[in-house]
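Shown next, in structure tokens, is the structure this report addresses.
Nothing in this text is a laboratory measurement; each read-out follows from the coordinates by a stated rule. Because the structure is a prediction, the values reported are computed rather than measured. Cβ sites come from the backbone with ideal geometry, for glycine too, and all protein chains shown count toward neighbours.
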Amino acid sequence: MANTLELGVNIDHIATIRQARFTPYPDILEAITIIEDAGADTITLHLREDRRHIQDADVYAVRKHLRRRMNLEMAATDEMVAIARDVVPEDVCLVPEKREELTTEGGLDIVNQFERIQQVTQTLSDANINVSLFIEPDIEQIKRVPEIGAPKIELHTGTYANATGEAKHAEFKRIVAASEFAASLGIQVNAGHGLDYENTHEIAAIPQLKELNIGHSMIARAIFVGIEQATKEMLDILKKAP
Ligand code: PXP
């Protein structure tokens, strides 16, 4: 069966460049228009507690501007829940967050934070938002997803992306097993973090995956070829997946 894998483009690092100098450029809305025209399915943005890239005003402006789906990544805090309920993105992806981290490090621990994540998932679902949980490719975590009530998960591929040799192969096998298990429970399975123009081929070939969320490597590629071409090249990799 053909894989209808969708691409979510994470635009955080366009805002990172803007926030480095507090300039009005590069304009993330202009970038979204080009990314959508190039064929991406979803625009992903992460409103971090420290506002290091995406700002509150960006979230509202993006909501008004985009034509495809919006996937808001956020921590499960009261502040973020209030913003999400006001903006009503199609999807919210709940992620763990540490102020000192360079980027999201690892998945949410929904086993140990079960009650909080269940409560936030319920609140967001009541506001007609699809909740996705960013978790490790770990069977024990996935077992708790139906009880939490989230229709989607995003498997953390960062460990796979950073590993080499046998460790990379082992982590790939974990992602395959997690995808199969989650799909067997009727959960939509997405994946993301650390995916680039080299490693996405292998991940995209996992038949249960529905959407990949990719940011840093694409914005970096756009420096050389532009964001339209960078988007098309990644879409090409997804389309060529068996
Ligand atoms: N998915 C999630 C949940 C993330 O937190 C991030 C980073 O913000 C990404 C995907 C994109 O990761 P990368 O920028 O490494 O492609």
Separation of the Gln113 and Ile34 label points, Cα + 7 Å toward Cβ, nm: 3.4 nm
Selected from Thr157, Ala31, Ser184, residue furthest toward positive end of dipole (the chain; charges at beta carbon): Ala31
Among His65, Pro96, Val81 - extreme Cα towards positive end, dipole of region 54-105, charges at beta-carbon: His65
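Just rank Phe114, Phe22, fewest to most, by other beta-carbon atoms within 10 angstrom.
Fewest-to-most ranking of Phe114, Phe22: Phe22, Phe114.
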Anchor Lys64: lysines whose Cα lies under 19 Å away (excluding residues fewer than 8 positions away in-chain): none
Radius 12 Å from Cβ of Thr4, net charge of other residues (Lys, Arg +1; Asp, Glu -1): -1
log₁₀ of I(q)/I(0) at q = 0.10 Å⁻¹ - the chain, Debye sum with one point per alpha carbon: -0.43
Label-point gap, in nm, between Lys143 and His169 - each point 7 angstrom along Cα→Cβ: 2.9 nm
Potential lengthening between Ala183 and Gln55 on full extension [0.36 nm per residue; Cα-Cα distance subtracted]: 42.6 nm
Cα-based convex hull volume of region 1-79 per residue, rounded to whole Å³: 105 Å³
Residues with amide H under 5 Å from that of Ser132, placed H, sequence gap 5 or more: Val92, Cys93, Leu94
